[in-house]
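Before any comments, here is the structure.
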Amino acid sequence: MGRPRAFDTDQAVRTAAALFAAHGFEGTSVDDLVMATGIHRGSLYKAFGSKRSLHLTVLRTHLDHEIHPATAALATVTDPARALSTAIASFDNGPAAGLLLLAAAERAPHDPEVAALVAEGIAALEEALRPSHGADASHTASTVLGARLRLRARPATTGAQPAAPKEH
């Protein structure tokens, strides 16, 4: 019988999420994950199987704990301008800000499982925008994703996410 795990799996996933969000999948090495989590390489592999498997776990957790709650709250907003500004401020934000967007650009074209998770997140955004934007929800979702990409491309000044555009 093996020893019980000596680390907090949820904390390891949160730490990995921050690394993947900041540096992408390719820009995050296993050594980076070992250093940031404080978990030995063998234990990391035993718990998650591979860097890719950890990345998939991180994406699933991001969807379940950040994307879906944000889109559920967004679905209650019926004013189009407020819905747009709320979506830009909240979609793919939080501790792992930009993780889904980065996965969409970096891994989804090459990894069907990542692509499915990204598609789930984008579909949730489109569905959440349907009450406020109706048939234009998919176009509005594209606007949100573009705005989030532009926010991500700004140079970091304080480490905080820039504010969303003001309502008109």
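Structure summary
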quantity	calculated
Residue match in region 152-165 (condition: in a helix (DSSP H, G or I), modelled with pLDDT under 95 and under 16 Å from Leu101 (Cα atoms))	yes
Odd one out for Arg60 among (1) touching a residue at least 24 places away in the same chain (Cβ under 8 Å); (2) surrounded by 18 or more Cβ atoms within 10 Å (Cβ to Cβ)	(2)
Hits in region 114-136 (condition: more than 19 Å from the chain's Cα centre (by Cα) and surrounded by fewer than 18 Cβ atoms within 10 Å (Cβ to Cβ))	Arg130, Pro131, Gly134, Ala135, Asp136
Top-ranked residue in region 2-54 [being hydroxyl-bearing (Ser, Thr, Tyr) and surrounded by 12 or more Cβ atoms within 10 Å (Cβ to Cβ); ranked as farthest from the chain's Cα centre (by Cα)]	Ser43
Top-ranked residue in region 1-56 [being assigned to a loop (DSSP other than H, G, I, E, B) and hydrophobic (A, V, I, L, M, F, W, C); ranked as modelled with the highest pLDDT]	Phe25
Any chance Leu84 is surrounded by 16 or more Cβ atoms within 10 Å (Cβ to Cβ) and touching an Asp or Glu at 6+ places or on another chain (Cβ under 7 Å)	no
Subset of region 102-111 [assigned to a helix (DSSP H, G or I) and surrounded by 22 or more Cβ atoms within 10 Å (Cβ to Cβ)]	Leu102, Ala103
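The values are calculated or read from the model by the stated rules, or taken from the named source; none is laboratory data. Nothing here was measured: the structure is a model prediction, and the numbers come from that model. In this analysis, Cβ positions are derived from the backbone assuming ideal geometry, glycine residues included, and neighbour counts consider all displayed protein chains.
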